[in-house]
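Trainee: Pasting in a structure now, in structure tokens, and then I'll have a few things to ask.
The values are calculated or read from the model by the stated rules, or taken from the named source; none is laboratory data. The model shown is predicted, which means the values in this text are computed figures rather than measured ones. When we count neighbours, we look across all protein chains shown, and the Cβ atoms used for this are built from the backbone with ideal geometry, even at glycine. In case anyone asks, the SASA skips ligands and DNA or RNA and just uses the protein heavy atoms, side chains included. Shrake-Rupley method; radii C 1.70, N 1.55, O 1.52, S 1.80 Å.
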Amino acid sequence: MTTEHVDSAALAPYAAREESSRGRRFPESKPQFRTEFQRDRDRIIHSNAFRRLVYKTQVFVNHEGDLYRTRITHSIEVAQIGRSVASALGVNETLTEAISLAHDLGHTPFGHAGQDALNECMRPYGGFEHNLQSLRVVDELEERYAAFPGLNLTFECREGILKHCSVRHAQRLGDIGERFLRRQQPGLEAQIANLADEIAYNNHDVDDGIRAGLIDLTQLNDMRLFRRQYDTVIAEYPQLGERRLVHEVIRRMINHIVVDLIRTSQARIDEARPASIEDVRLQSRSLIALSDVTLEEHRELMQFLRERVYRHYKVLRMTTKARRVIEALFSAFLSNTELMPPEHHELAARAEAALGTEGRARAVADYIAGMTDRYAILEHERLYDPAERT
Ligand code: MG
């Protein structure tokens, strides 16, 4: 049995296909019973960085409660939404899944607060961008295979992982950075994973925000996306308890947005009629999109979450603590890399020999970015709490 067309047979002409893939950085023989994109997905699932997502914050610090999303459950929800959209549009479901599962591999501990703090620390040394770090994880930092560094993923998967990138960084990234310089698009699978990410967090943060007591139904009913589904559910089930009501509204919201996304994207594809993934890349705009109305409602909800959840004083207290932990770790390790475990100290010494202080700082950032929330807290205690054993 050959498996090369397991994915390809039912695919639209503009989908990513393994036979027209731009390939891997280090050439490898074809997998026997999997497609190239299945191999990508499998390598991501088996990586250390993927397992660490279990203990990394999405919005709520991991130890605040067992029901909140962490980066791993977030990534799985992104993959679920992404696959539904990909299969409805006839593009590569497996590649969409792989990109979705990998999209946050470079995230620091403590969510966006951690990313901002590390970026601030790294400002004199080239900055820190989590998208770029996700690519760095799969290209360089994972140490699992004898023949190459990283996971050696396909170009199409790497293209999807690098969602955004500054021009300065794009210039030194070679083929994977080119689209940012030429203002081109990534494949549809990458575009889908990108929007699936936004849809997933917008909806699950409503759920988590309610659970944490930061927002309530009265406030949410000012949001058009929420209100529409709320009214329908209440009309059908007037006696429904709050927990089930919230879930019912959120599942209908996700469905509403995803259906809108599929319809709008299909219309754009029909209009542009791309004959291949190359045609998709040459489009002046993204073909995967929400309708104007839904986009506006989606942004309204995003803005609401920013004000009411991400900037809630309880969340701000947590993010301030997180910032202090990251800053303290960075300054201690940068001034003396011997404080890091030997393998990281050695990496820092090698990077410094090659690239000077910038190399040393990058090795420190790699070490910190790889930490889970609880590991970062533990390292902070070991370094700064006199009573703590090292
Ligand atoms: Mg994400």
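Trainee: What number of residues within region 213-256 satisfy the criterion of being within 24 Å of residue 314 (Cβ to Cβ) and among the β-branched types (Val, Ile, Thr)?
Mentor: Qualifying residue count, region 213-256: 5.
Trainee: Within region 173-186, is there a residue that is under 28 Å from residue 41 (Cα atoms) and modelled with pLDDT of 95 or more?
Mentor: Within region 173-186 (the criterion being under 28 Å from residue 41 (Cα atoms) and modelled with pLDDT of 95 or more), the answer is yes, since at least one residue qualifies.
Trainee: Tell me, yes or no, whether region 217-235 has at least one residue that is outside any helix (DSSP H, G or I) and open to solvent by 50 Å² or more (accessible area, probe 1.4 Å).
Mentor: Checked against the condition, which is being outside any helix (DSSP H, G or I) and open to solvent by 50 Å² or more (accessible area, probe 1.4 Å), region 217-235 yields at least one hit.
Trainee: Can you tell which of 246, 259 is in contact with a helix residue (DSSP H, G or I) (Cβ under 7 Å, 6 or more places away or on another chain) and assigned to a helix (DSSP H, G or I)?
Mentor: Of 246, 259, the one residue that is in contact with a helix residue (DSSP H, G or I) (Cβ under 7 Å, 6 or more places away or on another chain) and assigned to a helix (DSSP H, G or I) is 246.
Trainee: Right, here's the next one. Can you tell me which residue is nearest to the ligand (Cβ to nearest atom) among those in region 38-67 that are modelled with pLDDT of 90 or more and not in a helix (DSSP H, G or I)?
Mentor: Filtering region 38-67 for residues that are modelled with pLDDT of 90 or more and not in a helix (DSSP H, G or I), the one nearest to the ligand (Cβ to nearest atom) comes out as 47.
Trainee: Just give me the residues in region 85-127 being open to solvent by 10 Å² or more (accessible area, probe 1.4 Å) and of a type in the set (Ser, Thr, Tyr), in sequence order.
Mentor: 87, 94, 125
Trainee: Determine which member of the set 259, 280 is on the phi < 0 side of the Ramachandran plot and touching a residue at least 24 places away in the same chain (Cβ under 8 Å).
Mentor: Answer to the check: 280.
Trainee: Additional query: Going residue by residue through region 260-280, is there one that turns out to be in the same structural domain as residue 193 (by TED's automatic domain parsing), at pLDDT 95 or above, open to solvent by 50 Å² or more (accessible area, probe 1.4 Å) and among the small types (Gly, Ala, Ser)?
Mentor: Looking for residues that are in the same structural domain as residue 193 (by TED's automatic domain parsing), at pLDDT 95 or above, open to solvent by 50 Å² or more (accessible area, probe 1.4 Å) and among the small types (Gly, Ala, Ser), one finds at least one in region 260-280, hence yes.
Trainee: Which of the following residues is basic (Lys, Arg) and closer than 30 Å to residue 121 by Cβ: 263, 308?
Mentor: 308
Trainee: Applying the selection to region 295-327, what residues are open to solvent by less than 70 Å² (accessible area, probe 1.4 Å) and among the polar types (S, T, N, Q)?
Mentor: Selection gives 319, 320.
Trainee: Which one of the conditions (1) surrounded by fewer than 22 Cβ atoms within 10 Å (Cβ to Cβ); (2) within 16 Å of the ligand (Cβ to nearest atom) does residue 32 fail to meet, given that it meets all the rest?
Mentor: Residue 32 satisfies all of (1) surrounded by fewer than 22 Cβ atoms within 10 Å (Cβ to Cβ); (2) within 16 Å of the ligand (Cβ to nearest atom) except (2).
Trainee: Of everything in region 68-103 that's modelled with pLDDT under 95 and assigned to a loop (DSSP other than H, G, I, E, B), which residue is farthest from the ligand (Cβ to nearest atom)?
Mentor: The qualifying residue farthest from the ligand (Cβ to nearest atom) is 68.
Trainee: With (1) farther than 30 Å from residue 116 by Cβ; (2) open to solvent by 40 Å² or more (accessible area, probe 1.4 Å) as the list, and residue 48 as the residue in question, which single condition is left unmet?
Mentor: It fails just one condition, (1).
Trainee: So, one more: In region 369-387, which residue that is hydroxyl-bearing (Ser, Thr, Tyr) and in a helix (DSSP H, G or I) is most open to solvent (accessible area, probe 1.4 Å)?
Mentor: Among those that are hydroxyl-bearing (Ser, Thr, Tyr) and in a helix (DSSP H, G or I), it is 384.
Trainee: Given (1) outside the structural domain of residue 297 (by TED's automatic domain parsing); (2) open to solvent by less than 20 Å² (accessible area, probe 1.4 Å), where does residue 207 come up short, assuming only one miss?
Mentor: With (1) outside the structural domain of residue 297 (by TED's automatic domain parsing); (2) open to solvent by less than 20 Å² (accessible area, probe 1.4 Å) applied to residue 207, the lone miss is (1).
Trainee: I would also like to ask the following. Is it fair to say residue 366 is open to solvent by less than 50 Å² (accessible area, probe 1.4 Å), closer than 26 Å to residue 319 by Cβ and at pLDDT below 95?
Mentor: So residue 366 does not fit the description; no.
Trainee: Is it the case, given these coordinates, that residue 353 is open to solvent by less than 50 Å² (accessible area, probe 1.4 Å) and hydrophobic (A, V, I, L, M, F, W, C)?
Mentor: Against the criterion (open to solvent by less than 50 Å² (accessible area, probe 1.4 Å) and hydrophobic (A, V, I, L, M, F, W, C)), residue 353 does not qualify.
Trainee: What pairs can you find where one residue is in region 13-40 and over 28 Å from residue 274 (Cα atoms) and without any contact (Cβ under 8 Å) to a residue 40 or more places away in the chain, the other is of a type outside the set (S, T, N, Q) and surrounded by 13 or more Cβ atoms within 10 Å (Cβ to Cβ), and their Cβ atoms are less than 6 Å apart, with a gap of 6+ or different chains?
Mentor: Short answer, once both residue conditions are applied: 31/39.
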